[in-house]
Amino acid sequence: MRRITDVLTIEHTLLCTLFGEIDRLLPEVRTVDEARLLSRLVEGVLSHHADVEQNLAFAALDHVLAEKHQLGQLHQDHEEIDACLRNAGSATEPTKAVQMLKAGLEASRAHFRREEQSIFPLFEKVLAPTTLEILGAGVSSSASTLGPQGGRSTARRAR
């Protein structure tokens with residue numbers, strides 16, 4: 001069984017691979033609709049990933065993260081990412097839409113790094129190995145967006 005931290009790290013890697021592919025497409029974007037489509041794609045995969053993190057991982061450690069003032073940073077990161085993608089989706093000029101989408105991708109990458117460097121080690125320090133594995137199994141059973149099995153999510157956006 002994989003620990004929740006392993007599963008989420010794999011998802012981060014897969015999401016960053018997708019973001020790299022989107023980065024390669026952005027110079028060819030010519031219309032607002034093209035940029036909006038890419039933005040919606042990113043929103044969709046990030047939405048389910050964020051739900052998995054919040055419902056399975058962070059819920060188990062909210063009190064510890066709050067004490068270390070890390071919970072506020074995580075929520076702030078999510079708000080920044082959401083704002084960038086929302087602005088990309090509502091932009092009326094292709095250049096602005098692409099700029100906001102790029103900002104959302106970079107903010108997501110920075111957020112993933114922050115989680116992997118400071119939050120995931122805290123999970124592994126505070127939670128028992130069996131708890132980490134049970135949470136990891138919960139991700140697999142929830143048909144994670146880009147989980148290790150490569151399955152696609154059927155979950156609706158909860159926000």
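The values are calculated or read from the model by the stated rules, or taken from the named source; none is laboratory data. Keep in mind the model is a prediction, meaning the values are calculated, not measured. Ideal geometry is used to build each Cβ from the backbone, glycine not excepted, and the neighbour counts take in all protein chains shown.
Things to note:
- Summed over the stretch 128-146, the residues that are surrounded by 15 or more Cβ atoms within 10 Å (Cβ to Cβ), of a type in the set (A, V, I, L, M, F, W, C) and either modelled with pLDDT of 85 or more or assigned to a helix (DSSP H, G or I) (or both) give a count of 5.
Conditions tested, residue by residue: (1) among the charged types (D, E, K, R); (2) more than 26 Å from LEU132 (Cα to Cα); (3) not in a helix (DSSP H, G or I).
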{"position": "THR13", "(1), (2), (3)": "no, no, no"}
{"position": "PHE19", "(1), (2), (3)": "no, yes, no"}
{"position": "SER39", "(1), (2), (3)": "no, yes, no"}
{"position": "GLU43", "(1), (2), (3)": "yes, yes, no"}
{"position": "ALA50", "(1), (2), (3)": "no, no, no"}
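- Residue under evaluation GLY89, criteria (1) crowded, with 17+ Cβ neighbours inside 10 Å; (2) at pLDDT 95 or above; (3) not hydrophobic (A, V, I, L, M, F, W, C), criterion not met: (2)
- Scanning the stretch 68-80 for residues that are within 15 Å of GLU53 (Cα to Cα) and either at pLDDT 95 or above or surrounded by 14 or more Cβ atoms within 10 Å (Cβ to Cβ) (or both) yields GLN70, LEU71, GLN73, LEU74, ASP77, HIS78.
- Of the criteria (1) part of a loop (DSSP other than H, G, I, E, B); (2) modelled with pLDDT of 65 or more; (3) charged (D, E, K, R), which one ARG156 fails: (2)
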